[in-house]
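The values are calculated or read from the model by the stated rules, or taken from the named source; none is laboratory data. The model shown is predicted, which means the values in this text are computed figures rather than measured ones. Note: ideal-geometry Cβ built from the backbone for every residue, glycine included; neighbour counts use all protein chains shown.
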Amino acid sequence: MSLYAEISENLQRGKAKAVQQLVQQAIDENCPVKEILEEGLIAGMNIIGEKFKNNQVFVPEVLIAARAMNAGATLLKPLLQDAGVKATGRVCIGTVKGDMHDIGKNLVKMMMEGKGLEVIDLGTDVSPAKYVQTAMEQNCRIICCSALLTTTMGVMQEVVNACKEAGIRDKVAIMIGGAPVTDQFCQQIGADKYTADAASAADAAVQICSQ
Ligand code: B12
């Protein structure tokens, strides 16, 4: 098995320590950093994402795999910066104001990072103004909003409105998700993209960033 396949395999099994050791080995063997990231870590996370989409693995497995991914990515981060490898795009993500649920939001973040996107995590209870301010200051291509309560879904409409008021609506795509959110709701409030799961969210974000 190639070293990259071994990294991917161990990542899928959530073996953080092994992933870290294998990534270090690849670095020591002078493997290109971009290849370690894309053919080892991202490849493994893509497989987990597909399995999660198809209900072949569940939240705990994804969280453990993401932890393994982070263990490897931490070693690569400074090297990627040195090598000038650019992230696929920059997005900010948060759970909307009044809502503390963050498990789904964290999964979306991890899947997006797994696809090579730079993700600014605003945490939970995020006001529309905070999304807009971050998108403007950090030059984000996408604002991602998560909501798990029917009572907080409405904040997503406020985020759309706040972007319009700030004059950034044509520059920033707005993605929304969370268990009570639907495609119909997305269209109703004038957001750009809804997906039902984290892996599809990451695919959609990459597509938006590459447009
Ligand atoms: C865990 C949980 C909690 C935990 C949260 C811990 C945490 N750190 O997140 C705690 C105990 C704190 C909690 C509190 C409350 N909860 Co709660 N909670 C849940 C529970 C059991 C699971 C939610 C979850 O994490 N699901 C798993 C994740 C992976 O799914 P997900 O978030 O939908 O995310 C996926 C997709 O939606 C998508 N996605 C998510 N975000 C985004 C964003 C974008 C941009 C995109 C594209 C996609 C996307 O990708 C994810 C992965 O595929 C649900 C019930 C259930 N079975 O869903 C209730 C539930 C959501 N909670 C509920 C309620 C009522 C509450 C409380 C109000 C309870 C109370 N009376 O105090 C408080 C609210 C606190 C607050 N202000 O937020 C209700 C909501 C009812 C409603 N219709 O609004 C539910 C449905 C339970 C119920 N049946 O009554 N809760």
| Being at pLDDT below 90, in a helix (DSSP H, G or I) and charged (D, E, K, R), is that true of even one residue in the range 53-69? | yes
| said: Would you confirm whether or not the range 100-110 contains a residue that is modelled with pLDDT of 95 or more and among the β-branched types (Val, Ile, Thr)? | reply: no
| Is it the case that some residue within the range 81-93 is within 12 Å of the ligand (Cβ to nearest atom) and free of Cβ contacts under 8 Å to residues at least 60 places away in the same chain? | yes
| note | Here the residues within the range 129-153 that are within 25 Å of Ala199 (Cα to Cα) and more than 9 Å from the ligand (Cβ to nearest atom) are Tyr131, Val132, Thr134, Ala135, Gln138, Asn139, Cys140, Arg141
| task | From (1) modelled with pLDDT of 95 or more; (2) surrounded by 15 or more Cβ atoms within 10 Å (Cβ to Cβ); (3) of a type outside the set (Asp, Glu), pick out the condition that doesn't hold for Ala199. | result | (1)
| Looking at this structure, is Ile27 touching a Leu at 6+ places or on another chain (Cβ under 6 Å) and either modelled with pLDDT of 95 or more or outside any helix (DSSP H, G or I) (or both)? | no
| Picking from Leu122, Leu148, which residue would you name as being within 18 Å of Gly89 (Cα to Cα), buried (at least 17 other Cβ atoms within 10 Å of the Cβ) and touching a residue at least 12 places away in the same chain (Cβ under 8 Å)? | Leu122
| message | Can you report the number of residues in the range 154-211 which are within 13 Å of the ligand (Cβ to nearest atom) and in contact with a Pro (Cβ under 6 Å, 6 or more places away or on another chain)? | response | 1
| request: Identify, from the list Leu3, Leu22, Leu37, the residue that is within 18 Å of Met112 (Cα to Cα) and in contact (Cβ under 8 Å) with a residue 12 or more places away in the chain. | output: Leu37
| task | Answer yes or no: is there a residue in the range 33-48 that is within 19 Å of Asn106 (Cβ to Cβ), surrounded by fewer than 20 Cβ atoms within 10 Å (Cβ to Cβ), under 20 Å from the mean Cα position of the chain (by Cα) and not aliphatic (A, V, I, L, M). | result | yes
| request: Pairs only if they're at least six apart or on different chains, beta carbon under 8 angstrom, first in the range 163-181 and within 11 Å of Ile143 (Cβ to Cβ) and at pLDDT 95 or above, second more than 16 Å from the ligand (Cβ to nearest atom) and not in a helix (DSSP H, G or I); list them, first residue then second. | output: Cys163/Arg169
| Selection from the range 107-151 of residues that are part of a loop (DSSP other than H, G, I, E, B), under 26 Å from Ala71 (Cα atoms) and out of contact with any strand residue (DSSP E or B) (no Cβ under 9 Å at 6 or more places or on another chain) | Lys115, Gly116
